[in-house]
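Single-structure report; data block below.
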Amino acid sequence: MSAIPKPELVPHRSGGLSCWVDPTLRAENGVVVAFTERTGGVSAPPFASLNLGTHVGDDPAHVAENRRRMLFALGLEAHLSALTTAEQVHGTAITRVSRQVVPGTVPTALAAAPRAPAPGCPPVPAADGLMTTTPAVPLLMCYADCVPVVLVAPGPAVCVVHAGWRGMLGGIVSKAVGEVARQVCASPSKINAYIGPHIQACHYEADETIISQFVSTFGTVTRAHFSGLDLAAAAMESLVASGIMRQRVVSMDVCTAEEGDRFFSYRAEGGTTGRHGALACIDVSSSG
């Protein structure tokens with residue numbers, strides 16, 4: 001695979017769904033990166049409407065339809081049976097998904113997980129990062145304030161990371177960069193990083209003890225005014241320290257707590273809400 005283009009994120013709307021994608025990466029390298037918004041699904045309040053999370057109390061049939069609609073909107077409907085999610089636990093474990101799902105079978109790495117009430121594979125147990133070099137395996141992680149990070153390396157390899165404050169402090173972002181680079185023997189300087197919608201420092205007050213830990217680990221850029229914690233700054237510092245070039249990082253400057261009509265927010269909605277998603281898939285049939 002040739003070098004990948006510098007990252008970009010542009011709005012994409014299809015079938016009533018709104019998301020953000022990198023069209024050049026898909027056109028040139030056959031890799032899909034997408035961050036969904038909350039519109040275009042079938043879930044009822046408080047999960048309205050494109051809730052992608054199975055663990056929040058929503059009707060499983062609604063989640064199944066939402067995930068189906070998401071893949072259709074991205075042109076990935078042929079890979080519905082291989083859709084892979086994770087049992088996110090705010091940790092630092094990253095699981096490699098090593099092969100495409102064959103109908104009626106379960107990949108070895110996923111065999112111990114409970115069966116999911118939605119299309120695709122059972123969720124990978126106790127993981128906050130999913131990585132693959134296998135084509136036609138969509139990787140999906142779910143969020144409602146935490147930081148989505150997607151990595152794409154020549155090879156190709158893709159990785160989707162769920163980074164809350166615990167995972168961020170635990171080093172999940174730098175760990176993901178290292179594991180992706182090793183999988184394809186690529187320099188981190190050749191990897192693209194995408195930071196998706198998350199709660200911004202203006203709405204994320206944190207305990208001084210936690211903020212002090214972030215300052216010690218990532219520097220003073222993570223401390224914002226009014227006791228705010230800047231998770232995006234922590235993610236950026238972690239990516240750059242891991243060897244990724246700043247010009248190969250693109251970040252959505254949007255606050256999930258402030259734009260509740262577009263995204264889910266655990267804090268702004270009192271803990272009962274849905275989940276938007278970050279997805280990556282090697283879909284070589286779409287490459288030029």
Give the accessible surface of the range 155-288 per residue, rounded to a whole number of Å², with probe radius 1.4 Å and ligands, DNA and RNA excluded. 41
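What does the net charge come to around Val254 if you take all other residues with beta carbon closer than 11 Å to its beta carbon, with K and R at +1 and D and E at -1?
Details: positive: Arg262; negative: Glu37, Asp253, Glu258, Glu259.
Net of charged neighbours comes to -3.
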Thr36 neighbourhood, Cβ < 11 Å, K/R = +1, D/E = -1, net charge +4
If you average the C-alpha positions of the range 197-252 and of the range 31-81 separately, how far apart do those two centres end up, in angstrom? 29
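Please give the per residue accessible area of the range 38-96, computed with a probe of 1.4 Å over protein heavy atoms only, in Å². Mind showing how you got there, number by number?
Details: 2320 Å² over 59 residues.
Result: 39 Å² of accessible area for each residue.
Could you tally the net charge around Gln200, taking each other residue with its Cβ under 9 Å from the Cβ of Gln200, Lys/Arg +1 and Asp/Glu -1?
Values: positive: none; negative: Asp230, Asp253, Glu258.
After counting each charged neighbour, the total is -3.
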Surface share of carbon and sulfur [accessible, 1.4 angstrom probe, percent] for the range 1-87: 56
Mean separation of Cα contacts under 8 Å, 6 or more apart, over the residue count of the chain: relative contact order %: 24
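Report in % the part of the accessible area of the range 163-288 that belongs to carbon and sulfur, leaving out ligands and nucleic acids; probe 1.4 Å.
Details: 2610 of 5370 Å².
Of all accessible area on the range 163-288, carbon and sulfur atoms account for 49 percent.
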Antiparallel DSSP bridges in the chain: what percent, to the nearest 5? 80
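Looking at the square roots a ≥ b ≥ c of the eigenvalues of the Cα gyration tensor of the range 131-176, which shape do they give, rounded for a/c under 1.5, prolate if a/b is larger than b/c, or oblate? Numbers along the way, then the final one.
Values: a/c = 3.19, a/b = 1.66, b/c = 1.92.
Oblate is the answer for the range 131-176, as a/c is 1.5 or above yet b/c matches or exceeds a/b.
The values are calculated or read from the model by the stated rules, or taken from the named source; none is laboratory data. Bear in mind that the values here come from a model prediction, so they are computed numbers and not experimental data. Reconstructed Cβ throughout: ideal geometry from the backbone, glycine too, with neighbour counts over all protein chains shown. Accessible surface is based on the protein model in full, side chains and every heavy atom, while ligands, DNA and RNA are left aside. Shrake-Rupley method; radii C 1.70, N 1.55, O 1.52, S 1.80 Å.
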